[in-house]
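The values are calculated or read from the model by the stated rules, or taken from the named source; none is laboratory data. Because the structure is predicted, anything quoted here is derived from the model rather than measured. Please note: Cβ atoms are built from the backbone with ideal geometry, for glycine as well, and neighbour counts cover all protein chains shown. Please note that ligands, DNA and RNA were not included when accessible areas were found on the heavy atoms of the full protein model with its side chains. Shrake-Rupley method; radii C 1.70, N 1.55, O 1.52, S 1.80 Å.
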2 protein chains.
Amino acid sequence: MNFSFTLQATDGAARAGTLTTAHGEVPTPTFMAVGTAGTVKAMTAEAVRATGAKIVLGNTYHLMLRPTAERVARLGGLHKMMDWPGPILTDSGGFQIMSLAKLRKMDETGVIFRSHLDGSAHHLSPERSMEIQHLLDATITMVLDECTPFPATHEEAAKSMRLSTRWAQRSRRAFVPREGYGQFGIVQGSVYEDLRKESAGALREQNFEGYAIGGLAVGEGQEMMFAMLDITTKLLPADKPRYLMGVGTPDDLLGSIARSVDMFDCVMPTRAGRTARAFTSHGVFNLRNARFIDDAAPLDENCNCLACARHTRAYLHHLIRCEEVLGPILLTTHNLTYYQSLMQGARAAILAGGYTEYCAATRAGWET
Amino acid sequence: MNFSFTLQATDGAARAGTLTTAHGEVPTPTFMAVGTAGTVKAMTAEAVRATGAKIVLGNTYHLMLRPTAERVARLGGLHKMMDWPGPILTDSGGFQIMSLAKLRKMDETGVIFRSHLDGSAHHLSPERSMEIQHLLDATITMVLDECTPFPATHEEAAKSMRLSTRWAQRSRRAFVPREGYGQFGIVQGSVYEDLRKESAGALREQNFEGYAIGGLAVGEGQEMMFAMLDITTKLLPADKPRYLMGVGTPDDLLGSIARSVDMFDCVMPTRAGRTARAFTSHGVFNLRNARFIDDAAPLDENCNCLACARHTRAYLHHLIRCEEVLGPILLTTHNLTYYQSLMQGARAAILAGGYTEYCAATRAGWET
């Protein structure tokens, strides 16, 4: 089976498609739950499936340090290790080295860093990142890039983007094509249209199976992010999936889908679930708040997840106050379910030609 | 439907029976998972059911402080609040006040204490304990007693037991009989045969729906505990269930079933699951141990729980090292499943007249 992307419908710039991979199909737009260290935090793989998730993300940086890529390979790969036979996308490790590792240093060869866990020294080159992702058995491999910090001058952004371009070329050469597996390039260029154009153009020459948009959601604000999406997605081939990395809030997702993004990942729904916050059809709630102490209503009456179907807000509040693990379990379950239903609703609306109305109705719901 | 206990078979002193309650039937011997604050720690109610559990325990002390018994009642009772429609046994609160609360003081009226959470003052009398358990909608209500500390002189043990006897009489009067609900008396008397006899005799006059054996597993050792069980269970009516409180290891359970105990509860399987320990058919493992780092075997090849059917020891070790919540989730799932299968195996063996052989084979397995 080839790795492929087919478009079922467009509505304005919004797209409904299907990603076909060696590990199954993914209807798009899709949200990838983040399974950093080989587990979506506080969730069994069964529970992740029950949220409607079709694809999850693994973090190369965490997995290369623990349990190590070679060990994951000996255990039969990440799919088998974490009981997720479906598609898995792995990042390249670069982003998290820059945000988590100690004494990191970047040069033409790659990134040299010390583990935040034990201080051990590591070198991550484009070639080694591809090898690690291969060992993990990633369905979708990401090229090694530098996520250009924000703000950056045009000169800094150009230099960073061109390094990423050279690394993308090396990553492409190091990638081992396998039936149903794919590799995505990552467009950089900060907030500069000419640089985004140069980056996208160079990546297209490599004919990746998909294209990510990187260097956004790093502090530039939603308006600028949307402006960059408007520019960047036009530069990408229509017959390949588009993945906006590390985004975002439900509103970010709706706006990005409107700008023809197909794939997302973000720690927001899982992290929020561990800090008592719930994304619902009525907006964001903090379940630690005392106003929920006697609230016998379900968390979100429009949701059928375990938390909403079987429990009350008062019970969730109780669990959080008691620091019971079931609190994060149920809120993570809900948040991931909410994100998945947002994606399912968006897809259905695009197929029906009513995406604008869907966004308006969803946003109106958040205010009630 | 009456609250009843029927014996299906005996094998030596070991008993296989069925407890019938307003909330469903419980085959015995049975192990009750501890759901302290309205949740079995790290488990959804669904997951607890999947372990084979038929009855769970709730802690009056914790629930009376948070979210309070009145609040649980307003939420429709503990069954509804925690999504456990099956039978629930609640303790009286006395034991945990003595081990957790601050500035506790006991007199004839009951126990005066300050909450370990906020220092607020409370008074728990036999009547209030019954009222709280009624508000929680406990299927099985326990009388308020004093768990006699160990060691205790004969005089201390006698005084303590007689206070518990008077409280049991007051608890019985305060209990509101309801179809399918029951109340258990608690035999005290420390390690003194004459006191156990006096306690059991006085409780039998109250004609409780079941009898617990208290004041054991408090430091007297397994040999003494078994000796006390041999004495105490003979003093109890054969047609009523017998519940050994707060016990214990798998070996304790096998030995106590041989001494005609029908019901158990203990935090051991759940607490162990949060500290990397697993009870298996090959004995106890500490999954934090580095020897599991490359162990691709299932935790227990004789177990069909999620942890054993879908994952490796190496993955469990990885989760624990990374402090991922899924580690405690999977180990708690396994430990509760192991305890339930131990009970199911014991019951099947008793019904087949092979309990001695079952115990021998199980114990032999722990050594391999």
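Would you check which residues across the range A:321-339 are open to solvent by less than 10 Å² (accessible area, probe 1.4 Å) and more than 10 Å from every other protein chain (Cβ to nearest Cβ) and list them?
Matches in the range A:321-339: A:LEU331, A:HIS334, A:ASN335, A:LEU336, A:TYR339.
Being over 23 Å from B:MET98 (Cβ atoms), at pLDDT 95 or above and touching a Phe, Trp or Tyr at 6+ places or on another chain (Cβ under 8 Å): is that true of B:PRO237 here?
Yes; evaluated as a whole, the condition is true for this residue.
Confirm whether B:GLN344 is among the polar types (S, T, N, Q), away from chain A (no Cβ under 12 Å), open to solvent by 50 Å² or more (accessible area, probe 1.4 Å) and within 19 Å of the chain's Cα centre (by Cα).
Taking the combined requirement at face value, the residue satisfies it.
B:THR44 versus (1) in contact (Cβ under 8 Å) with a residue 40 or more places away in the chain; (2) crowded, with 23+ Cβ neighbours inside 10 Å; (3) within 23 Å of A:GLY327 (Cα to Cα): which is the lone unmet condition?
It is condition (1) that B:THR44 fails.
To keep it simple, each residue is scored yes or no on (1) buried (at least 17 other Cβ atoms within 10 Å of the Cβ); (2) in a helix (DSSP H, G or I); (3) not polar (S, T, N, Q).
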site	(1), (2), (3)
A:GLU155	no, yes, yes
A:LYS159	no, yes, yes
A:TRP167	yes, yes, yes
A:SER171	yes, yes, no
A:VAL176	no, no, yes
A:GLY185	yes, no, yes
A:SER190	yes, no, no
A:ASP194	no, yes, yes
A:GLY201	no, yes, yes
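Give me the residue from the range A:1-41 that is closer than 27 Å to A:HIS334 by Cα and of a type in the set (Gly, Ala, Ser) and, out of that set, surrounded by the fewest Cβ atoms within 10 Å (Cβ to Cβ).
A:GLY24
Every residue in the range A:55-76 that is within 12 Å of chain B (Cβ to nearest Cβ) and small (Gly, Ala, Ser), please.
Just the residues of the range A:55-76 that are within 12 Å of chain B (Cβ to nearest Cβ), to begin with: A:59, A:62-63, A:65-68, A:70-76.
Hits for the range A:55-76 are A:ALA73, A:GLY76.
When the residues of the range B:297-320 are filtered to those that are closer than 25 Å to B:ASP251 by Cβ, of a type in the set (A, V, I, L, M) and surrounded by 24 or more Cβ atoms within 10 Å (Cβ to Cβ), which remaining residue is farthest from the other protein chains (Cβ to nearest Cβ)?
Ranking the candidates gives B:LEU299 first.
Scan the range A:43-50 and give yes if some residue there is modelled with pLDDT of 95 or more, closer than 22 Å to A:HIS334 by Cα and assigned to a loop (DSSP other than H, G, I, E, B), otherwise no.
Taking every residue of the range A:43-50 in turn, at least one turns out to be modelled with pLDDT of 95 or more, closer than 22 Å to A:HIS334 by Cα and assigned to a loop (DSSP other than H, G, I, E, B).
Residues B:ILE112, B:ILE88: which one is more than 14 Å from every other protein chain (Cβ to nearest Cβ) and more than 21 Å from B:GLY215 (Cα to Cα)?
When all the criteria are applied, what remains is B:ILE88.
Of the residues that sit in the range B:268-290 and are more than 14 Å from every other protein chain (Cβ to nearest Cβ) and open to solvent by 20 Å² or more (accessible area, probe 1.4 Å), which one is nearest to A:VAL48 (Cα to Cα)?
Per the criteria, the residue is B:ARG277.
Can you tell me which of A:ASP251, A:ASP294, A:ASP262 is more than 14 Å from every other protein chain (Cβ to nearest Cβ) and open to solvent by 20 Å² or more (accessible area, probe 1.4 Å)?
It is A:ASP251.
Determine whether B:ILE112 is surrounded by fewer than 24 Cβ atoms within 10 Å (Cβ to Cβ) and hydrophobic (A, V, I, L, M, F, W, C).
So B:ILE112 passes the test.
Can you pull out every residue in the range A:110-122 that is of a type in the set (D, E, K, R) and in a strand (DSSP E or B)?
Once the filter is applied, which keeps residues that are of a type in the set (D, E, K, R) and in a strand (DSSP E or B), the range A:110-122 yields only A:ARG114.
I'd like to know if the range A:231-240 contains one or more residues that are open to solvent by less than 10 Å² (accessible area, probe 1.4 Å), in a helix (DSSP H, G or I) and of a type in the set (A, V, I, L, M, F, W, C).
no
When you check A:ARG128 against the structure, is it modelled with pLDDT of 95 or more, open to solvent by 40 Å² or more (accessible area, probe 1.4 Å) and of a type in the set (Lys, Arg), yes or no? Please lay out each step first, then the result.
Numbers: modelled with pLDDT of 95 or more: yes; open to solvent by 40 Å² or more (accessible area, probe 1.4 Å): yes; of a type in the set (Lys, Arg): yes.
So A:ARG128 passes the test.
Step by step: first the residues of the range A:21-38, then only those that are part of a loop (DSSP other than H, G, I, E, B) and of a type outside the set (Gly, Ala, Ser), then the one that is farthest from A:GLU179 (Cα to Cα). Which residue is that?
A:THR36
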